[in-house]
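Data first, discussion second: the structure below is written as structure tokens.
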Amino acid sequence: MRPVFVLLLVLAAHCNAARSDDKLPLVLNTWSFLDANIAATETLLTGGSHIDAIETGCSVCEVEQCDGSVGYGGSPDELGNTTLDAMIMNGETHDVGSVGCLKDIRSAISVARKVMETTKHTLLVGDDATNFAIQMGFTRQSSKTNHSLDLWAQWKSANCQPNYRVPGTVIPNPSVSCGPYSPVPSIASTVPRSGSRPTLNRYNHDTIGMIVVDAKGQIGCGTTTNGASHKIPGRVGDSPIVGAGCYVQKGVGGAAATGDGDIMMRFLPTYQVVQSMAAGMSPGDAATDALVRIVKGCNCTFQGALVAASVDGTWGAATNGFNFSYTVYNPSLGTSTVIYVNNNMEHTDRENKDI
Amino acid sequence: MACVATWAFGIQAVSVASECLQRGESCMEALEKAVNIVEDDPSTGRYYVGRGCYPNSEGIVQLDGAVMRGTDCKFGAVAALEGYSKPISVAKRVLEQTQVNILVGSGATNFAKAQGFVLESNESLLIPETLEAYKDYCKQKCFPSRTGHDTLSVLCLDTYGRIAAGISTSGPPFKMPGRVGDSPLPGCGLYADDQAGAAAASGDGEKIMQFCPSFHIVQLMREGNEPQKACEMVIKMMTDRAQKWFEVAVIALNTKGQTGAASTVREWTDFRDKKVYSGFPFAQWKMGTAPVICIQPPR
């Protein structure tokens, strides 16, 4: 088994210059999902493409049900179903494949890749996405497990708290009661949405977002998640949305997001990061800037993090509202490495192992 | 106060919006009524909007709709909604009554039912012409002879200086079941922010989605560019990066009531009156004027 180094960082550290052949290939993913990073790296080092690496790496998290936030058997919606969102984007062709609210198919990122490679569309959703997957040879298997059904039962016995309904707009009162909910008459369309949002952490609302830059500088990204626990049935979050869940641009770089997708997606953070990098910002500065824009724009508290990389192999990360970690490999590091980023909008720009 | 909408048929929406806005209604209320008028009109379905549209490849009408409120950048959308002709109204409820942004498929349809919207049969959403076109498709796998992608996008600025964007589409004829394009996605089909303005896109959704144009236009307006310049810059960026022609049209509106439009559209024929426009036709209204159709030549 590949040895692993884990580093705890309290302050942003400086970065040293590294030989350019030590910086690529680069595999960067959200959270300490080591197995995913190792699998993606091995795919690259044994001749696989950057897209193969993303699919392999993200698939590991689907199988391992990383932190309960990826893959089957986690994050039940209001009706107890687990539904998956995923996307894959190829910087070389600028093509994208996404699935949203995918039911009873466990390999969401692989289905997203099939959407990209075998159809002229980009995003397929719901039961139709499941039917497409079956046509493509994927096996229908329930996304529910005893564990997810148990989570659902516990939530119901707690009066379905927390949830994603807005108090004052539906009856019965969602602050204290389960549904089904029906609207209160005459909601003014200017009433701001209020109600506290469920508190997020890596175990209840996460995503693996991965960026891969191969030895030639070809870049891709992917995400896969089971979305927010107790979401409204049919809810699609930020993960499969281009420019929200992840984004790459040939010759520039890429970014991937994790956290409170319902807030983050309104600000297109990964698209913003890549445009900032195109304008000359470092990956870490671009990631921090994108989170600052969300804080200002939503005028709310939220939890979210971004990882970013330029096509020359420089990487960075930023977090807001929770402690974050990410996993990175390049030849200079020599092994998949977990890095921790404290919750205070710190960011890091990294090139090599001297950190 | 001002309003702008995509395509010549957008004049119906702009006319309704201008009346609502002049009565002092909010941008969101005006937007919903303006889009509803087109969504529920069977004669506009073949512009790929609402009732009377082309179904998907299995003969089912699946509609996408979205709305973004500039006051707080809140968003609501439905995608692949079945059984209801006015997706923007359901999308508005997602924005107002939930803390999520997008509901899709059966989740969207069930949410609409729970909201009290009366669902219809699939057949009642089709018209003889589109049913006939679907039968031809099944026999010969051919698509309708008219080209173009259409979609209704509308931007409204109310008397209080608030701005909103809305969009409604049935997607391309005989699309794969469950296919969602750019229209109901934030930053792609539409974007709105009272601090900067609003923008929307229409055209080849698959290509548009790769570039987040509405978000980019609003960012450029935030940096001080006028809506027209912002639209032109983003169309240029998209065509430079795509390296291949594709159909895209964008509109923009800032909180001063200035509008903009740009596109790659060389020619657009209105199938209802056979009028040919040498460029991208869009509709707009500004306070003190009458609603009018303008033409933006292609880049």
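The values are calculated or read from the model by the stated rules, or taken from the named source; none is laboratory data. Remember, predicted model here, so these are calculated numbers, not experimental data. FYI the Cβ positions are ideal-geometry reconstructions off the backbone, even for glycines, and counts take in every protein chain you see. These area figures cover heavy atoms from the full protein model, side chains too; ligands, DNA and RNA do not enter into them. Shrake-Rupley method; radii C 1.70, N 1.55, O 1.52, S 1.80 Å.
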field: Within-13-Å neighbourhood charge of A:Gly91 [Cβ basis; K, R +1; D, E -1]
entry: 0
query: Volume per residue, Å³, of the convex hull around the alpha-carbon atoms of chain A?
result: 136
The protein assembly as shown - Rg and Dmax from Cα coordinates, angstrom: 23.3, 74
statement: Averaged per residue, the 1.4 Å probe accessible area of segment B:1-64, protein heavy atoms only, in Å², is roughly 24
query: So what are the three principal axis dimensions of segment B:209-257 from its Cα atoms, in whole Å, longest to shortest?
result: 35, 17, 17
task: Find the eigenvalues of the gyration tensor of the Cα atoms of segment B:180-284, then list the square roots of 5 times those eigenvalues as equivalent ellipsoid semi-axes, largest first, in whole angstrom.
output: 21, 16, 13
Positions from segment A:101-146 whose accessible area shrinks by 30 Å² or more when the full protein complex is built, not the chain alone, probe 1.4 Å: A:His121, A:Thr122, A:Leu123, A:Leu124, A:Val125, A:Asp128
- request: Compute the accessible area per residue over segment A:266-333, keeping the other protein chains in place, probe 1.4 Å, unit Å².
  value: 26
field: C-alpha center-to-center spacing [segment A:32-90, segment B:148-192] in angstrom
entry: 31
message: I'd like the Karplus ³J(HN,Hα) series for segment A:40-50: coefficients 6.51, -1.76, 1.60, θ = phi - 60°, whole numbers in Hz, and an x wherever there's a Gly or Pro.
response: 5, 5, 5, 4, 5, 6, 9, x, x, 7, 4
statement: Expressed as a percent, the portion of alpha-carbon pairs in chain B spaced more than 27 Å apart is 33
task: Name all residues of segment B:211-234 having a backbone nitrogen under 18 Å from the label point set 7 Å from the Cα of B:Lys256 along its Cα→Cβ direction, giving them as ranges.
output: B:217-233
field: Accessible area of the protein assembly as shown belonging to carbon and sulfur atoms, whole % at 1.4 Å probe
entry: 51
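Averaged across B:85-96, how many Cβ atoms of other chains sit within 10 Å of each residue's Cβ atom?
2
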query: Can you give the FRET efficiency for B:Asn122 and A:Gln135, using 1/(1 + (r/R0)^6), R0 = 30 Å, r = Cβ-Cβ distance, to the nearest 0.05?
result: 0.85
field: Rg/Rg_ref, segment A:240-346, where Rg_ref = 2.2 N^0.38 Å and atoms are Cα
entry: 1.00
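When only the heavy atoms of the protein chains count and the probe is 1.4 Å, how do B:Leu126, B:Leu81 rank by accessible area, highest first?
Numbers: B:Leu126 25, B:Leu81 0 Å².
Greatest to least solvent exposure: B:Leu126, B:Leu81.
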- line: Here, trypsin sites (Lys or Arg not before Pro) of segment A:93-145 satisfying both criteria (DSSP loop; at most 13 other Cβ within 10 Å) are A:Lys120, A:Arg140
- request: Would you work out which of A:Gly126, A:Leu151, B:Ser183 lies farthest towards the positive end of the dipole of the protein assembly as shown? Charges go on Cβ: Lys and Arg +1, Asp and Glu -1.
  value: B:Ser183
- request: With 21 Å as the limit, write out which pairs from A:Lys231/B:Lys33; A:Lys231/B:Lys113; A:Lys216/A:Lys250; B:Lys92/B:Lys113; A:Lys23/A:Lys216 have Cα-Cα distances beyond it, or answer none.
  value: A:Lys231/B:Lys33
statement: Relative contact order of segment A:235-326 (C-alpha contacts under 8 Å, at least 6 apart) in percent is 28
message: Keeping every protein chain present and rolling a 1.4 Å probe, give me the accessible area per residue for segment A:38-95 in Å².
response: 27
task: Please give every one of the aspartates and glutamates within straight-line cross-link reach of B:Lys236, meaning a C-alpha to C-alpha distance under 13 Å, and leave out same-chain neighbours fewer than 8 residues apart.
output: B:Glu247
- request: Report, for segment B:151-273, the % of DSSP beta bridges that are antiparallel, rounded to 5.
  value: 95
task: With a 1.4 Å probe on protein heavy atoms only, work out how much accessible surface A and B bury together, total over both chains, in Å² to the nearest 100.
output: 4400
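Filter the chymotrypsin sites (Phe, Trp or Tyr not before Pro) in segment B:155-210 to those in DSSP coil with at most 11 other Cβ atoms within 10 Å of their Cβ, and list the result. Display every interim value, and only then the final one.
Values: sites: B:Tyr160, B:Phe174, B:Tyr191; in loops: B:Tyr160, B:Phe174.
Qualifying residues, ordered by number: none.
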